[in-house]
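Every number here is computed from the coordinates shown, using simple stated rules; none is lab data. From a predicted model like this one, the values you see are computed outputs, not experimental measurements. Cβ atoms come from the backbone with ideal geometry, glycine included; neighbour counts cover every protein chain shown.
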Amino acid sequence: MIAVVQRVKSSRVEVEGQVVGEIGPGLTCLLGVEKGDTHEDLEWICEKIVHLRIFEDDQGKMNLSLLDIRGGILVIPQFTLLGDCRRGRRPNFTRAAPPQEASDFFKRAVERFEKFPIAVARGVFQAHMLVYIENDGPVTFIINSRERGR
């Protein structure tokens, strides 16, 4: 799984003109599911994201996690994170999990985040979404479950 995680002051997602998910301070997580992802990938990436110390403490140091600040997370499905742009001009999406598998993983990731004491909102799988992100910093990280332990 690949996630682009952004520290935000607020974030929301709209589908067909309706707000379907919204948070205040916290994280926006764009989440892509790769072929061959496992339950271990899902667990690892969710744990990593909520415990990532990227919020400032009293001294202005990135020392606090999403759990520490009691923030929210807006999770957006984004298969384009698996796009391979190395050749040609059209991205190749062969690394992306098939839609049904990706949808199941996305749903399970949201359910996993909901087990933490944080507010959880989400986008809609396979919908055209407008995502509004008030990036704080900006602070943005790319997390890939396939690169853990390196």
Here the percent of antiparallel bridges among DSSP beta bridges lying wholly in the chain, to the nearest 5, is 75
Helical mean residue ellipticity (222 nm; -39500 (n - 2.57) per DSSP H run of 4+; nearest 500) of the chain: -6500 deg cm²/dmol
Check cross-link reach from Lys9 to the aspartates and glutamates: straight Cα distance under 13 Å, and skip same-chain residues fewer than eight apart. Glu22, Glu56, Glu134, Asp136
Label assignment, volume of the Cα convex hull per residue in Å³ derived from the structure, set [x] 112; [y] 132; [z] 124: [z]
Here the convex hull volume per residue of the stretch 78-129, taken over Cα atoms and given in Å³, is 96
About its Cα centre, the stretch 2-145 carries a charge dipole, from +1 on Lys and Arg Cβ atoms and -1 on Asp and Glu Cβ atoms, whose size in debye to the nearest 20 is 480
For the stretch 63-109, averaging the sequence separation of alpha carbon pairs under 8 Å that lie six or more residues apart and dividing by its residue count, the contact order in percent is 24
Enumerate the amide H contacts of Val139 below 5 Å, restricted to partners 5 or more residues apart or on another chain; note that Pro and chain-start residues carry no placed amide H. Arg7
